[in-house]
Amino acid sequence: MNKDHITAIKTLIKAPKNIIIVTHKNPDGDAIGSSLGLYHYLKKYNHNVSVITPNDYPDFLKWVPGEDTILKYDAQTEVSTALISKADIIFTLDFNAFHRSGQMESVLEANGAIKILIDHHQKPDDYATYMYSDVTMSSTCEMVYHFIEMLDDIDKIDTATATCIYLGIMTDTGSFRFPVTTSTTHRIIASLIDKGVDKTAVHNNVYDTNSYNRLQLLGCALNNLKVIPELRTAYITLSQSELHKYNYKKGDTEGVVNYALSLKNIIFAAIFIEDRQENIVKISLRSKGNFSVNEFSRAHFNGGGHNNAAGGKSSLPLNATVEKFIGILPAYKEALHNE
Ligand code: 5GP
Ligand code: MN
């Protein structure tokens with residue numbers, strides 16, 4: 001972020017304002033962590049701050065400090081819309097195009113408040129008054145830390161803020177192992193622990209709260225795993241009836257695609273999840289090395305994300321979606337073998 005913008009934001013946040021923080025649909029750990037981390041920080045300046053998510057998020061995020069204050073736009077539309085219409089500043093975190101905010105898209109687009117974007121996804125849209133976009137960053141949470149640092153306010157990070165930031169760095173880096181994790185990421189993590197983060201509790205809350213149904217669903221997903229060794233690709237499907245059988249709850253399929261990617265010699269993995277309610281198949285793509293699933297998803301599945309983790313969707317039925325995927329793959333044979 002350039003110095004003039006930092007100076008402008010410093011001036012802006014000196015006096016109390018109406019501030020809204022929004023994040024993307026189906027919020028993950030980084031979306032919730034960055035939004036609430038920023039929320040706790042801005043509260044120190046006595047702003048009137050609200051976090052609004054487009055919709056609900058998984059139970060494994062329902063312990064984060066301040067989580068009980070979050071408004072869900074789809075369920076609390078009226079109160080959310082009223083707050084957004086009064087906003088002086090809107091922060092958009094962990095996404096970079098309004099269509100990623102679900103039903104909030106048109107409300108955000110029409111709003112004239114100062115917009116501050118903090119995000120690490122590729123190809124940001126040009127809507128922000130102040131844009132802090134960096135695709136080399138591990139997570140939006142890491143960027144929130146840097147943002148607070150640029151404002152010379154590291155001393156304002158308390159245990160609650162630190163816990164939120166720790167959460168999103170942890171989830172977006174696969175617990176500090178993905179290539180986006182740098183020595184700086186680890187130095188930030190160290191400083192967050194010094195601020196009092198109970199790291200064991202954060203890990204337990206996110207990863208060790210499986211339900212029996214969720215593990216059964218994982219078993220079903222692993223049974224459905226298919227491998228195309230000559231294209232170094234593996235994929236998983238989950239139909240609506242399978243989800244129903246194991247009493248699927250939001251978040252239950254989080255991370256399942258990584259099992260496909262964990263196979264020896266596999267560098268490209270996908271999961272196709274049928275969603276009859278929205279009439280789409282939700283797709284998660286993961287890769288190792290230089291094979292860009294962001295580009296693959298943009299080109300074929302109306303999505304995007306990062307080089308090694310992206311999402312997309314298909315309006316074809318589940319089987320036809322998988323057939324389409326298999327049909328496209330041979331065109332990438334060389335790219336998949338150059339890894
Ligand atoms: P996931 O597969 O875990 O849903 O998402 C992986 C990454 O891709 C995340 O950073 C997420 O924000 C992004 N992503 C997921 N779905 C979409 C989509 O439909 N469009 C775009 N542009 N990004 C997505
Ligand atoms: Mn993120």
Over the chain, what per residue volume does the convex hull of the Cα atoms give, in whole Å³?
134 Å³
Cut-off under 5 Å, modelled amide H: who pairs with Thr237 long-range:
Phe272
Per GNM of the chain with C-alpha springs under 10 angstrom, the most fluctuating residue out of Lys249, Lys264, Lys115 is Lys264
Computing the accessible area with a 1.4 Å probe over protein heavy atoms, can you report the carbon and sulfur percentage for region 181-335?
49 percent
Residue-ordered couplings for region 59-69, obtained by feeding phi - 60° into the Karplus form 6.51 cos²θ - 1.76 cosθ + 1.60 and rounding to whole Hz (Gly and Pro as x), are 4, 5, 10, 8, 9, 5, x, x, 4, 5, 8
Full-extension gain in nm, Ser262 to Asn290, via 0.36 nm per residue minus C-alpha separation:
8.4 nm
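With the Cα gyration tensor of region 16-156 in hand, give its eigenvalues times 5 under a square root as the equivalent ellipsoid semi-axes, listed largest first in whole angstrom. Intermediate values should be presented prior to the final figure.
Values: eigenvalues 76, 58, 53 Å².
In descending order the semi-axes read 19, 17, 16 Å.
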Tell me, what HN-Hα J-couplings in whole Hz come from the Karplus equation 6.51 cos²θ - 1.76 cosθ + 1.60 at θ = phi - 60° for each residue of region 31-48, using x for Gly and Pro?
5, 5, x, 5, 5, 6, x, 5, 4, 5, 5, 5, 4, 5, 9, 6, 6, 8
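In percent, how large is the relative contact order of the chain, given Cα pairs closer than 8 Å and 6 or more residues apart? Spell out each step's value before the answer.
Details: 626 pairs, mean separation 42.8, N = 339.
That works out to 13 percent.
Can you figure out the FRET efficiency of Glu278 with Ala110, using R₀ = 30 Å and their beta-carbon distance, to the nearest 0.05?
Numbers: r = 24 Å, r/R0 = 0.80.
With a Förster radius of 30 Å, E is 0.80.
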Which whole-Hz couplings ³J(HN,Hα) result when phi for each residue of region 199-216 is put into the Karplus expression 6.51 cos²θ - 1.76 cosθ + 1.60, θ = phi - 60°, listed in order with x for Gly and Pro?
5, 5, 5, 4, 4, 4, 4, 8, 9, 10, 10, 4, 8, 4, 4, 5, 5, 5
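With respect to the cross-link table entries Lys17/Lys249; Lys17/Lys282; Lys86/Lys156; Lys199/Lys245; Lys10/Lys195; Lys62/Lys324, which display a Cα-Cα separation exceeding 31 Å? Could you put the intermediate results ahead of the total?
On the way: Lys17/Lys249 37 Å; Lys17/Lys282 38 Å; Lys86/Lys156 26 Å; Lys199/Lys245 34 Å; Lys10/Lys195 23 Å; Lys62/Lys324 37 Å.
With Cα atoms farther than 31 Å apart: Lys17/Lys249; Lys17/Lys282; Lys199/Lys245; Lys62/Lys324.
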Give me the Å³ per residue figure for the convex hull around the C-alpha atoms of region 128-233.
162 Å³
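To the nearest whole percent, what portion of all C-alpha pairs in region 90-181 is separated by more than 16 angstrom? Write out the running numbers ahead of the final one.
On the way: 2440 of 4186 pairs.
Percent of Cα pairs beyond 16 Å in region 90-181: 58.
Can you check how the C-alpha radius of gyration of region 237-318 compares to 2.2 N^0.38 Å, as a plain ratio? All intermediate terms of the calculation are to be shown ahead of the outcome.
Working: Rg = 12.8 Å, N = 82, 2.2 N^0.38 = 11.7 Å.
Its radius of gyration relative to the 2.2 N^0.38 Å reference: 1.09.
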Fraction of beta bridges assigned by DSSP in region 187-339 that are antiparallel (%, nearest 5)
75 percent
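Between Trp63 and Leu151, what is the FRET efficiency for a Förster distance of 25 Å, r being their Cβ-Cβ separation, to the nearest 0.05? It would help to have the intermediate numbers written out before the result.
Numbers: r = 28 Å, r/R0 = 1.11.
According to the calculation, E is roughly 0.35.
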Spin-label point model (7 Å from Cα, Cβ direction): what's the Ile326 to Ser191 distance in nm?
5.1 nm
Using the alpha-carbon atoms, what tilt in degrees (0 to 90, nearest 10) does helix 140-150 show relative to the longest principal axis of the chain?
30 degrees
Per q in 0.11, 0.15, 0.17 Å⁻¹, report the Debye log10 I(q)/I(0) for region 194-339, using one uniform scatterer on each alpha carbon and no solvent.
-0.44, -0.78, -0.96
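The values are calculated or read from the model by the stated rules, or taken from the named source; none is laboratory data. Bear in mind the structure is a predicted one, so any value in this text is a computation, not a measurement. Every residue, glycine as well, gets a Cβ built from its backbone with ideal geometry; the counts of neighbours run over all protein chains shown. Just the protein is used for accessible areas: all its heavy atoms, side chains included, with ligands, DNA and RNA removed. Shrake-Rupley method; radii C 1.70, N 1.55, O 1.52, S 1.80 Å.
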